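The values are calculated or read from the model by the stated rules, or taken from the named source; none is laboratory data. A quick note: this is a predicted structure, and the numbers were derived from the prediction, not measured. Virtual Cβ from ideal backbone geometry, glycine too; neighbours counted across all protein chains shown.
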Amino acid sequence: MRYIIHYDIAAIFVVLAAMVHFFYKKTISTRQTRIFTLLIAAAMVSNIADLITIYGIENPKGVPLWLHYAVNEIYLITFNATAAIYYGYIIGVTRGRERISKWEMARILLPISIDIILVISTPFTHAVFYFDSEKTYLHGSLFMVLYAFALCYVLASLVHTIRFRKTMTLLQNATVYFYTLSSFVAVILQIYFSNLMVAQFAVAISVLLIYLSLENPSDYGDKILGVYNGLAFQEVVSSYIEKDRHFRIAGIQIEGLRYIGEMLGVKNQQQIVKEIAQFFVQTAGSRRVFALTDTRFAIVGKKKSLPWDNIRDEIQKRFQKPFSSQGMEIALTAPMCIIDLPESARKLEDVTDIMNYCFEEKRRGSREEVIYAGEDILEKGKRENKILQILSQAIRENLFQVYYQPIFSVEKQRFTTAEALLRLSYGDMGFISPEEFIPVAEKNGLILEIGDYVFREVCHFMTEHKIWELGIETVHINLSVVQCMQEQLHEQLVRIMDEHLLDYSHVHLEITETAAVVSEDTLWSNMHRLIDVGVEFALDDYGTGFSNTMAVIKYPFRTIKLDKSMVWDSMKNKKAMSVLKHTISMIKDMNMDVVAEGVEELEQAKKLSEMGCDYFQGYYYSKPVSAVEFLEKVKVQ
Ligand code: C2E
Ligand code: CA
Ligand code: CA
């Protein structure tokens, strides 16, 4: 019998093409790439071994018996291994980054292990195949076991795919169906035309399809920047963590890029980012460089190899010089955050959290250019987590309290309004400042419930005690940026005021300039609708940002609240005093009221009232006090 081997030869070329492409492309070592490498290797070896066995079968005399056995064994083992590896691959795909369970491992390895034992022992047992005295190749009594196991693998892959089809892409699904179908067709063809060798070709095409659909190495590269991307970062870091490797991540945040985009256009911005990425690649040496976002990079590598200090110094040095674009010199900064694993982080999410935390800290004014994620950062992270838990509990169990800080009217020489300030005390942690817990609540969305609670509480307080009869005309309530981004904000607030039968004009909402910038349109429409019914707005913390005048001009504020720092600075510094004076007269000129915060001494109050300030809020008059104390205070005035 003459075998038709054209398909076998074609299969070699198909696998070869996938192999060259795969190794040439930038990719990272993940469980899936490793399994895929194994699959390619098995397909290639079985293909070549197959051709040699055919040669041996056609020319039995020219080959020694041991070699006949050897190549046939190699062929059978590697060919059946492709089915097992393929099955493992499918399971791996649907498991994502999770470990493959022991039970699944057993299903993958058991049949192929039995195959291997049967095949290896076959020269002695003749169970799978043997040669007669003419060196003719004959099937043994257990040959069919191999077929049966291969069939099991194919069916198991199919069943697994159908079960987890939702976690796979359309192309991945199609690949499995093709593999199943082609395996069956190949087996049937093989049975009817025993000299037609097509099985290898079916495997080769499947390998190619998997390469195209399941294993797309370009998924891991940032094509424009020529570095690895965020997905690659996730894969690499999770697999290192899984293997308990000791390694270091340097996160680098490029600050100042946004301005380039705004001034010189996105194209020029991208050009500079590319330059920076290439600079990192050169500096990082053998370590991998990842682009995590438009402005954030990471360098990952072993802690011990090569001096990290040099990399750090080189990066710092480069960023001390400006970058140039379109003939302009642009200064950028690159704060760095260094995280050692496993000491400082045990999960991928920890890494991201720590990085966010470090760069936030930097933005809040930390002078450190390089932040080592040590104990203190971890401690802060832990505290944040604890606060988060406490907040949820506080919402459920009503542990918050609303305090009121009276605000003094210069004109009426008494308290006419107050600011509602949230208070939280918890067990051994004691008093937790809103400066600490409000940002945590904002990050986690809990602020919406908290804001709702405060608003209700204040409405209830006002109507229950009819505080306008005590001379308190309005109460100021702080709104978080997140609340201002809610489209139904005005409806919610109006509903709550209606529930309490509260006249809308007793409510004065305080928002910061950040809210004005972040949620421009939504805030604008919310504000107008609320103002239409009589609610008033105050701009909080005036004098802490850069572009305050924009918010003052654009939005219909009734009141501007000067930040404590502005008040305090003016008492120490002549220039600051001049700024304050002109700020107050500017606000008055626009027909708005001015509240000065942080008035701690009589001296300050005198100067501020000379400058035309309308209201004072500060410890000189009163600290924030409980509702009961507040009522006592205003009743006696
Ligand atoms: P804020 O809106 O600027 O509130 C004024 C802060 O200044 C209050 O701090 C108040 O206790 C403090 N303060 C007032 N007068 C003086 C003074 O003379 N000297 C000094 N050193 N401090 C003074 P507090 O209560 O710790 O609140 C901090 C921040 O937390 C508030 O700043 C506000 O942004 C936020 N916050 C408080 N309650 C709420 C709330 O119900 N909702 C929202 N979204 N934020 C709130
Ligand atoms: Ca406020
Ligand atoms: Ca304020």
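Please enumerate the residues belonging to region 395-409 that are more than 15 Å from GLY445 (Cβ to Cβ) and either away from ligand 3 (no atom under 16 Å from the Cβ) or not hydroxyl-bearing (Ser, Thr, Tyr) (or both). First the steps, then the outcome.
Filtering region 395-409 down to residues more than 15 Å from GLY445 (Cβ to Cβ) leaves 396-409.
Passing the criteria: ARG396, GLU397, ASN398, LEU399, PHE400, GLN401, VAL402, GLN405, PRO406, ILE407, PHE408, SER409.
Filtering region 447-484 to residues that are closer than 25 Å to GLU513 by Cα and either modelled with pLDDT under 95 or of a type in the set (S, T, N, Q) (or both) leaves THR474, ASN478, SER480, VAL481, VAL482, GLN483, CYS484.
State whether the residues of region 93-115 include one that is touching a residue at least 40 places away in the same chain (Cβ under 8 Å), surrounded by 21 or more Cβ atoms within 10 Å (Cβ to Cβ) and over 30 Å from HIS68 (Cα atoms). Yes, region 93-115 contains at least one residue that is touching a residue at least 40 places away in the same chain (Cβ under 8 Å), surrounded by 21 or more Cβ atoms within 10 Å (Cβ to Cβ) and over 30 Å from HIS68 (Cα atoms). For region 22-41, the tally of residues that are touching a helix residue (DSSP H, G or I) at 6+ places or on another chain (Cβ under 7 Å), in contact (Cβ under 8 Å) with a residue 60 or more places away in the chain and in a helix (DSSP H, G or I) stands at 6.
Among residues of region 361-380 that are farther than 15 Å from ASP350 by Cβ, none has a Cβ under 8 angstrom from a residue that is at pLDDT below 75 and not in a helix (DSSP H, G or I) at a sequence gap of 6+ or on a separate chain. None of VAL203, VAL237 is in contact (Cβ under 8 Å) with a residue 12 or more places away in the chain, closer than 30 Å to PHE143 by Cα, surrounded by 18 or more Cβ atoms within 10 Å (Cβ to Cβ) and in contact with a helix residue (DSSP H, G or I) (Cβ under 8 Å, 6 or more places away or on another chain) except VAL203. Would you call ALA49 in contact (Cβ under 8 Å) with a residue 60 or more places away in the chain and either crowded, with 16+ Cβ neighbours inside 10 Å or under 19 Å from LEU212 (Cβ atoms) (or both)? So ALA49 does not fit the description; no. Checking VAL594 against (1) away from ligand 1 (no atom under 13 Å from the Cβ); (2) in a helix (DSSP H, G or I), which test does it fail? Unmet for VAL594, out of (1) away from ligand 1 (no atom under 13 Å from the Cβ); (2) in a helix (DSSP H, G or I): (2). Just name the residue that is surrounded by the fewest Cβ atoms within 10 Å (Cβ to Cβ) out of those in region 511-563 that are within 12 Å of ligand 3 (Cβ to nearest atom), closer than 23 Å to GLY365 by Cα and among the hydroxyl-bearing types (Ser, Thr, Tyr). Applying the filter and picking the extreme gives THR544. Restricting region 190-208 to residues that are assigned to a helix (DSSP H, G or I) and modelled with pLDDT under 85 leaves a set whose member that is nearest to SER46 (Cα to Cα) is ALA199.
If you go through region 570-597 and keep only what is within 15 Å of ligand 3 (Cβ to nearest atom) and of a type in the set (D, E, K, R), you end up with ASP593, GLU597. Close contacts from region 498-526, counting a first residue that is touching a residue at least 60 places away in the same chain (Cβ under 8 Å) and a second that is among the small types (Gly, Ala, Ser) and buried (at least 16 other Cβ atoms within 10 Å of the Cβ), with Cβ to Cβ under 8 Å and a gap of 6+ residues or different chains, come to HIS508/ALA538; GLU510/ALA538.
Of the residues TYR619, TYR615, the single one that is under 21 Å from VAL507 (Cβ atoms) and of a type in the set (Phe, Trp, Tyr) is TYR615.
Taking the listed residues LEU602, LEU580, the one that is of a type outside the set (Phe, Trp, Tyr), farther than 19 Å from ALA515 by Cβ and within 14 Å of ligand 1 (Cβ to nearest atom) is LEU602, with no other qualifying. In region 476-505, the qualifying residues are those that are buried (at least 22 other Cβ atoms within 10 Å of the Cβ) and under 22 Å from LEU631 (Cβ atoms), and the one that is nearest to ligand 1 (Cβ to nearest atom) is ILE477.
For (1) free of Cβ contacts under 8 Å to residues at least 12 places away in the same chain; (2) of a type in the set (D, E, K, R); (3) surrounded by 18 or more Cβ atoms within 10 Å (Cβ to Cβ), each residue gets a yes or a no:
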site: PHE129; (1), (2), (3): no, no, yes
site: ASP132; (1), (2), (3): yes, yes, no
site: VAL154; (1), (2), (3): no, no, yes
site: SER183; (1), (2), (3): no, no, yes
site: SER194; (1), (2), (3): no, no, no
site: ALA199; (1), (2), (3): no, no, yes
site: SER213; (1), (2), (3): no, no, yes
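In region 466-480, of all residues being on the phi < 0 side of the Ramachandran plot and not in a strand (DSSP E or B), the one that is farthest from ligand 2 (Cβ to nearest atom) corresponds to GLU469.
A residue that is within 21 Å of THR417 (Cα to Cα), in contact with a helix residue (DSSP H, G or I) (Cβ under 6 Å, 6 or more places away or on another chain), within 16 Å of ligand 2 (Cβ to nearest atom) and modelled with pLDDT of 95 or more occurs somewhere in region 614-625. Of all the residues in region 343-388, those that are part of a loop (DSSP other than H, G, I, E, B), surrounded by fewer than 19 Cβ atoms within 10 Å (Cβ to Cβ) and within 19 Å of the chain's Cα centre (by Cα) number 2.
Please count how many residues of region 414-436 are away from ligand 2 (no atom under 15 Å from the Cβ) and of a type outside the set (Lys, Arg).
Step one: filter region 414-436 for residues away from ligand 2 (no atom under 15 Å from the Cβ), giving 414-416, 424-432, 436.
Within this subset, residues satisfying the condition of being of a type outside the set (Lys, Arg) are 415-416, 424-432, 436.
Summing the residues that are away from ligand 2 (no atom under 15 Å from the Cβ) and of a type outside the set (Lys, Arg) in region 414-436 gives 12.
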